[in-house]
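I have placed the structure first, in the form of structure tokens, so that the comments after it can refer back to it.
A short reminder: the numbers here are calculations on the coordinates, not readings from a lab. Keep in mind the model is a prediction, meaning the values are calculated, not measured. For neighbour counting, all protein chains shown are included, and Cβ atoms are generated from backbone atoms with ideal geometry for every residue, glycine included.
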Amino acid sequence: MNYFQYGNKAALIVGVLLMIADSVFPEAHQYSAWPVGCLFCVWYSASAIREDPRVRKSLKKWLYIYLAVVFVMAITLRNAADTPAQRADRAIPSVFKALGIGGRS
């Protein structure tokens, strides 16, 4: 029996579940479930590229680079979404003043 027959599909499923768990459970976010889930999804995509005989070698290289860039962007943008906006307390009253609503001076 081949235990790794469904390994790549299992990696994709585990990756998606970890990314969902990171959004729902604070404990999963604390233990970095999002980057690990992204890593599993990238692993699935890279193995799918490697096993596809129709893709040329030169295209495979560019697809691997694309996957690396997408992985870095997913990690970076997720961390940027978690940080609070700087100077938000000063920006909101000026918007209210511009609209004529009032606000603090």
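Residues 45, 58, arranged from fewest to most other Cβ atoms within 10 angstrom of their Cβ, appear as 58, 45. The label-point distance for residue 67 and residue 9, in a model that sets each label 7 Å from Cα toward Cβ, rounds to 1.9 nm. Between residue 30 and residue 56, the contour length at 0.36 nm per residue exceeds the alpha carbon distance by 5.3 nm.
Of the trypsin sites (Lys or Arg not before Pro) found in the stretch 1-77, those in coil by DSSP whose Cβ has at most 16 other Cβ atoms within 10 Å are 54, 56. Per-residue Cβ neighbour counts within 10 Å put 39, 17 in the sequence 17, 39, beginning with the fewest.
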